[in-house]
Amino acid sequence: MSTELVLYTRTGCHLCEDMRVAAQPIAARHGLDIQCVDIDRDLATASRYNLAIPVLELDGREICRHFLDRDALERALAAE
């Protein structure tokens, strides 16, 4: 099974960009890319995440929202 790191975001969200930039070096150390998903491209996804973004998930499990929790991300990646 491959590990998937997904960042739910929307255009113009500065918190989303901040989380992507902060998480990128951590992801890269683990050989991962961050898949960014614009929640406004799908009504169900927009409804699910509307005011929660940014949300970072690893293999479908939420790691953090609004701001990067570096420790939580490192723990989750170490457990993979």
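Derivation of every value follows stated rules applied to the coordinates shown; laboratory data play no part. Here the structure is a predicted model, which is why all the values come from computation and not from measurement. No Cβ is skipped: glycine too gets one built from the backbone with ideal geometry, and neighbour counts run over all protein chains shown.
Listing for the model above:
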quantity	calculated
Mean separation of Cα contacts under 8 Å (6+ apart) over length of the chain, as relative contact order %	36 percent
Sparse-neighbour loop sites [trypsin sites (Lys or Arg not before Pro); the chain; at most 11 other C-beta within 10 Å; DSSP]	none
The chain: Cys lacking any partner C-beta under 4.7 angstrom	CYS36, CYS64
Extended-chain gain in nm, criterion 0.36 nm per residue less alpha-carbon gap, VAL21 and GLN35	3.8 nm
Candidate values (1) 1.22; (2) 1.02; (3) 1.73, label of the one derived for Cα Rg over 2.2 N^0.38 Å	(2)
Label point at THR3 placed 7 Å out along Cα→Cβ; residues across the range 31-48 whose backbone nitrogen lies under 13 Å	31-34
